[in-house]
Structures are given as structure tokens and as C-alpha cells.
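The values are calculated or read from the model by the stated rules, or taken from the named source; none is laboratory data. Because the structure is predicted, anything quoted here is derived from the model rather than measured. As a convention, Cβ positions derive from the backbone with ideal geometry for all residues, glycine included, and neighbour counts pool all protein chains shown.
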Amino acid sequence: MLVRMVYNSVRNMTKARNFAFLIVVALLVFAILSLLSNTSSAASDDVNKEYSIVPENDTMALCFESLQDTRKLLYSSTDNDNDIEPEPIIYFVTPTYPRREQVAEITRLGQTLMHIPYLHWIVADDTSVCNNFLNNLLKKFGIPYTHIASPMPEFYRTKKLVPRGVANRRAALAWIRNNNKKTGVLYFGDDDNTFDLKLFSEIRSTKKVSMFPVGLIGDYAISTPVVKHGKVDGFFDSWPAKRKWPVDMAGFAVNLEYMGLSPNVTMPYKAGYEEDEFLKSIGLKMQDIEPKANNCTEILVWHTQTKNNKPPKIRISNGILRNNQFNLGVLLKKLETMGVSHISQSEGTAAQITKDGKSKSLISWFS
Ligand code: UDP
Ligand code: MN
């Protein structure tokens, strides 16, 4: 009796185990099959699926909508112009140099400066010949400007630490001196930085030297004066390097009357120490510094940097380039002029045209 009971229960257990085993195997096979079919069809499904415009599973929250146009000039050149003191001119000095991003950078910066009245833009290009293309671009902004060609001496280009933009800033300083600009405010604004429009109203009232934070600098992601009881009392910059004035080029503005008091104003070709040496040359003292940007608690300028890629080479025949029946020749030659990309007869990525989802060589597209 006991033996039979034990035998039965063992048999049942074996049955149950077999059954469970079968289920596990079936599940596994199913899982593998569905995985395989998913991966193989997922790709084609993704491409072929017609996506509805209204998101199904996407997360989307409408945060805010404003249907009113509240744009206005930050400074309207007011109707009662006669009653008010003329605004000091801001001399905005931009060193720039030929590279494929130059036109894009100058376009963005020019369109920022278009918002600012009483501004004279000094664009000093690191080249020996005046770039006509750049000049036509500058003209279009409608801003009063001076376009200078001021190449860096070859000697400095080969150095391990290249003094970037120094020849250009020196040329701008020479222009200011030679043209007897004795009032107004000087600011060094690189072509790749990002400027809040509020920066301009802040620096315009500079009496001697104003200072303010610059975002995206070094290991602190900021370079700023330290302000105590409304006065600059030190500096917060992750690369002090024994500099008396450890500030970024974009972190200060200088009144020209104040600068005129120093006879030996200069910016030496000393990579990393340009700001420090310039501020020393204008005889800056701690008590001369006016903190701006709400006692240096606001970031009104950012040291953004544009990713720099090599210009690609496009292989395209001369005949097609010269064909003025269609746009590509004109467009690609323009990009060549800007230094954005190059054209070659024999090397580079072959030019192709895509139509109805199929790519064809230019020759066959024409025939
Ligand atoms: N610049 C120049 N010649 C050069 C390299 C740079 O005139 O050979 C200019 C550049 O257009 C910019 C400034 O100098 O306005 C600072 O250079 P960059 O932005 O490359 O240096 P960063 O300060 O961002 O390291
Ligand atoms: Mn830069």
C-alpha cells in the first residue's frame, strides 16, 4: 500500500515535471521566434510604417504658448532725442579668421549686433588681403563698421601656444588711436561667443573698467570677479596662472577716456596672458573696477566654441559646374569661396543626385 502510494506520487511528480519542462521549452521557442521576427521586421516596419502626426506613445507636454508679439527695440531711438545725452558708442572689437565656420559665425554675431544702437563694429580679419566676400556680408547688417585685414605674423603661427586674435585686437586698438576715438566704450567680442542683449546696456555705462561673469570658461565653467559689499575683491577662475587679472577677454569693458590716460596701451603676443597684460598696460587698479550684471550674479556672455570640422571635397566635373541651367554649380562655387567645402575633378565624394528615392550620378541625371 505504502509502496504504491509512493510510486504514484513519484509518477505524478515526473509527469508534472515533464509538463512544466514542456511549457518552458515552448515558451523559450516562442520567445526566440518572436525575437527573431521582431528584429527582422522591426527594421523594415520602422521604415515602412506610416507614422501618424499625433503622437501615440510619445511624451509631449505643451508648456506655454504666447500669441502676442511683445518684441520691441531694447532701446527705441526715442522721439525726444534732443532732451537726452547721446549714448556712449560701444566699440565692439571682433577678431576673426578664415575657416569654414567664419561666415556662419559672423552671420550669427552680426544679427545679435543688429539689435544694438550706438555701436561701431570693428571686425579685424586674420588675413593679409581684404576679403570681399566678408565685406559684403558685413555691409548687409547695416551696422556702422570697420573691416580690417590684420594678419598674425607668421612667426607666432608656428609657436606651440599661438596667440589667437592678438594681431587683430592690436590692429583695432591702433584704429581707435589713429582715429582719435577718445570717448565711448571698448569691448572685445570674439566671433564665436554668445552675447545676451542685456550685456550692451550694462557695459555702455562703464566709467573706467567694468567686469562681469563669462560662462563656459575652464574647470569652473565660469570666470568671474568675486564681489563683496558691491566691490570687486578677487577673482574666481580655474586658471589663475599667477595672473594679476585672471579674467577672460569677454569679461570686461573699458572706457576710452580712461584708456586714454595710459600712454603705453598694448596687448602683447603672449598666449594666455593677453587680458592680464592689456589690463596692466591701462594701469588698472582694483578700485577702478565696476562690477556689472547685478553684482556679477548674472551671465550675460558665454564662451561658446564651434566644433571645427575639415572641409569635405566634392568630386564633380567642370562641365556640370559650369552648366548654369541649374543651381548646383553656383552653390558649390559659393561654398568654395567661403572655405566651407572644396570642389575637385578627380578626388573626394562623388556628387550624386537623389530623385524618387534613387541616387544617380550627375552625368546620368543630365542625360
Ligand atoms: N582667431 C584669429 N586667428 C586665429 C585663431 C583665432 O583671429 O588664428 C580669433 C577667433 O576668430 C576668435 C578669437 O581669435 O575671435 C579667439 O580664438 P578662438 O575662439 O579660436 O579661441 P578660444 O578663446 O575660444 O579658445
Ligand atoms: Mn572662442
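Computed values, structure above
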{"item": "Qualifying residue in the stretch 135-152 (condition: assigned by the TED database to the domain that holds ASP190, surrounded by 11 or more Cβ atoms within 10 Å (Cβ to Cβ), under 21 Å from VAL265 (Cβ atoms) and not polar (S, T, N, Q))", "result": "yes"}
{"item": "Those residues of the stretch 174-193 which are away from ligand 2 (no atom under 16 Å from the Cβ) and surrounded by 19 or more Cβ atoms within 10 Å (Cβ to Cβ), in sequence order", "result": "ILE176, GLY184, VAL185, LEU186"}
{"item": "Positions within the stretch 312-367 being farther than 24 Å from GLN102 by Cβ and in a helix (DSSP H, G or I), in sequence order", "result": "ASN318, GLY319, ILE320, ARG322, LEU362, ILE363, SER364, TRP365, PHE366"}
{"item": "Test: residue in the stretch 122-130 that is in contact with a helix residue (DSSP H, G or I) (Cβ under 8 Å, 6 or more places away or on another chain), modelled with pLDDT of 95 or more and away from ligand 2 (no atom under 16 Å from the Cβ)", "result": "yes"}
{"item": "Hey, LEU199 surrounded by 21 or more Cβ atoms within 10 Å (Cβ to Cβ) and over 22 Å from the mean Cα position of the chain (by Cα) or not", "result": "no"}
{"item": "Any hit, the stretch 116-132, residues being free of Cβ contacts under 8 Å to residues at least 12 places away in the same chain, more than 15 Å from ligand 1 (Cβ to nearest atom) and more than 23 Å from ASN294 (Cβ to Cβ)", "result": "yes"}
{"item": "Among (1) over 25 Å from the mean Cα position of the chain (by Cα); (2) under 21 Å from GLN305 (Cα atoms), the one test that GLY260 misses", "result": "(2)"}
{"item": "Residues satisfying the stated conditions in the stretch 346-367, i.e. within 33 Å of the chain's Cα centre (by Cα) and of a type in the set (S, T, N, Q)", "result": "THR349, GLN352, THR354"}
{"item": "Qualifying residue in the stretch 260-275 (condition: touching a Leu at 6+ places or on another chain (Cβ under 6 Å) and either among the basic types (Lys, Arg) or within 16 Å of ligand 1 (Cβ to nearest atom) (or both))", "result": "yes"}
{"item": "LEU161 vs. criteria closer than 27 Å to GLY272 by Cα, aliphatic (A, V, I, L, M), within 16 Å of ligand 2 (Cβ to nearest atom) and out of contact with any Phe, Trp or Tyr (no Cβ under 8 Å at 6 or more places or on another chain)", "result": "yes"}
{"item": "Residue in the stretch 305-314 that is within 30 Å of VAL232 (Cα to Cα) and not aliphatic (A, V, I, L, M) present", "result": "yes"}
{"item": "Filter result (outside any helix (DSSP H, G or I) and either buried (at least 17 other Cβ atoms within 10 Å of the Cβ) or within 25 Å of the chain's Cα centre (by Cα) (or both)) within the stretch 271-283", "result": "ALA271, GLY272, TYR273, ILE282"}
{"item": "ARG169 being under 17 Å from MET267 (Cα atoms), modelled with pLDDT of 95 or more and within 16 Å of ligand 2 (Cβ to nearest atom)", "result": "yes"}
{"item": "Residue within the stretch 131-138 that is at pLDDT 95 or above and either closer than 18 Å to VAL254 by Cβ or part of a loop (DSSP other than H, G, I, E, B) (or both) present", "result": "yes"}
{"item": "ASP196 vs. criteria of a type in the set (D, E, K, R) and within 16 Å of ligand 2 (Cβ to nearest atom)", "result": "no"}
